[in-house]
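Just below is one structure, and these are the notes that go with it.
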Amino acid sequence: MLAGTKFAAEPMATPALGEPYLLTPGPLTTAYSVKQAMLRDWGSWDGDFRAMTADMRRRLLALTGDANGEFDCVPMQGSGSFCVEAMLGSFVPRDGKVLVLANGAYGMRAAQTMQYLGRAYTLIDKGDYLPPRGDEVAAALEADRTITHVIAIHCETSSGILNPVAEIAEAVYAKGRKLLVDSMSAFGAIALDVSQIRYEAMVSSANKCIEGVPGFGFIIARKSELEAAKGRSHSLSLDVHAQWAHMNKTGQWRYTPPTHVVAAFLEALRQHEAEGGVTGRGARYTRNRDVMVAGMRELGFETLLKDRWLSPIIVTFFNPAHANFAFDSFYDLMKDKGFIIYPGKLTVVDSFRVGCIGQMDEHVMRRVVEAAARSLKEMGVDTAAPPAAAIAERAKLAA
Ligand SMILES: Cc1ncc(COP(=O)(O)O)c(C=O)c1O
């Protein structure tokens, strides 16, 4: 162990000895062995590191159920947004047009990315509460024959809503268009199996449901789309085709790779497999959510979303109406008890979020609820019920 660090040997079973749990959508609480995997330096050109990159690409592809070898995995330096930009800039032709399906901040960021790219797009914006549905997508594609691609956000992390990508994919391909998926916060815990859901490319990153540390993302795309992407990118460093071609030829990343992050990610992938892959990981997160949401509801908190749309990734709660409640104080009191929660990211009402992902299990989630109960008490808040206006707004918009 590094001098001065305070990691618990078993973070899921033991409080992290002074290190708070991150109840956030990533970066998140990682396993000790994942942190430990970063204690060695690697030469980026060396055969050992090239083998690690190849192993990582193979393991990630295996998570998509690509039995026919039609897809390939392209890791890309940078955070998730870099990879979304790389995907849009590489797979959407310069004269293409994208239908962006937005119901929160990350859908809106995809639209903003299209603006920066200077490529045509149109938007379905469902606000904070509602998923884009297949029939709406079909109608939009029918109405505008110039749309070539659709981008859907798998789990819209700003609210925690799990969008119906299977239904969306059906609508997209029934109209002869192509689907791109931002599965940043879902991939690894919620199935995105290419034999079940058709898409051309998807993107996710190291520090989400695989439980690695931040530093790169990855694009998994149909090889035919990777071929077709040649020469299309607006950006030298975010050119997915160029990264793919270079990696396949040399085994190396085009520019300096985040070597330690890759080493940590491989360990995270091993743990993911040991937990039962996507199914096992998704089951733990679902249990985390169910235990946490049930406990928070007992305290009077209400979720933004109806149960049907609650993801096992992150849950948004309305701020309580009580006059003594202030999010900043609640945040500090929760942190004192070892839990870092997340501010809300809604456009209309005040809210906060609690993540269910990372090295935490239901026992930790029970302690989260206890910490919330104690924090409310310390603030002099006897019920966490939200303002009637928030509920009325939700009912109105979700009607
Ligand atoms: C769905 C989704 N898309 C895109 C991003 C952007 O990723 P990053 O913040 O790593 O740039 C996030 C981040 O949480 C996300 O959840």
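Quick note: the coordinates plus some simple rules give every number you see, no bench work behind them. Every value quoted in this text rests on a predicted model; they were computed, and no experiment measured them. Here the Cβ positions follow ideal geometry from the backbone for every residue, glycine too, while neighbour counts run over all protein chains shown.
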What does segment 151-194 give for Rg and for Dmax, in Å, if only its C-alpha atoms count? 10.5, 30
Ranked by Cβ crowding within 10 angstrom, fewest neighbours first, how are K178, K97, K230, K208 ordered? K230, K97, K178, K208
If r is the Cβ-Cβ distance from F327 to K175 and R0 is 56 Å, what FRET efficiency results, to the nearest 0.05? 0.85
Sort Y331, Y21 so that the residue with the fewest other Cβ atoms within 10 Å of its own Cβ comes first and the one with the most comes last. Y331, Y21
With label points built 7 Å along Cα→Cβ from the Cα atoms of R270 and L123, find their separation and express it in nm. 4.5 nm
Violating pairs (Cα-Cα greater than 21 angstrom) within the set K306/K396; K335/K377; K97/K249; K97/K396; K306/K335; K306/K337: K97/K249; K97/K396; K306/K335; K306/K337
Within segment 250-281, backbone nitrogen closer than 16 Å to the virtual label 7 Å beyond the Cα of D46 toward Cβ: 252-253, 257-264
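By the scheme Lys and Arg +1, Asp and Glu -1, what is the net charge of all other residues having a beta-carbon under 9 Å from that of R59?
Taking every Cβ under 9 Å from that of R59, the sum is +1.
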In percent, what relative contact order does the chain have, based on Cα pairs under 8 Å that are 6 or more apart in sequence? 23 percent
Rounded, prolate or oblate: pick one for segment 42-258, where a ≥ b ≥ c are the square roots of the eigenvalues of its C-alpha gyration tensor, a/c under 1.5 means rounded, and failing that, prolate if a/b is larger than b/c, else oblate. prolate
Positive-end residue, the chain charge dipole about Cα centroid, Cβ charges, pick of F318, W253, A294: W253
Taking just the alpha carbons, could you work out the radius of gyration and Dmax for the chain, both in angstroms? 21.3, 63
Step through the residues of segment 351-362 one at a time and calculate ³J(HN,Hα) from phi using the Karplus curve (6.51 cos²θ - 1.76 cosθ + 1.60, θ = phi - 60°), rounding each to whole Hz and writing x for Gly and Pro. 7, 9, 10, 10, x, 10, 9, x, 6, 9, 10, 4
Given the rule -39500 (n - 2.57) for each run of at least 4 DSSP H residues, summed and divided by the residues of the chain, what is its mean residue ellipticity at 222 nm, to the nearest 500 deg cm²/dmol? -12500 deg cm²/dmol
Lys and Arg at +1, Asp and Glu at -1: neighbours of H149 with Cβ under 15 Å from its Cβ sum to +4
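List W253, W42, W309 from most exposed to least, where exposure is judged by having the fewest other Cβ atoms within 10 Å.
Going from sparsest to densest Cβ surroundings: W42, W309, W253.
Which net charge results when you count Lys and Arg as +1 and Asp and Glu as -1 among the other residues whose beta-carbon is under 14 Å from that of A221?
Working: positive: R57, K178, R198, R222, K223, K230, R232; negative: D66, E70, D72, D182, E200, E225, E227, D239.
In short, -1.
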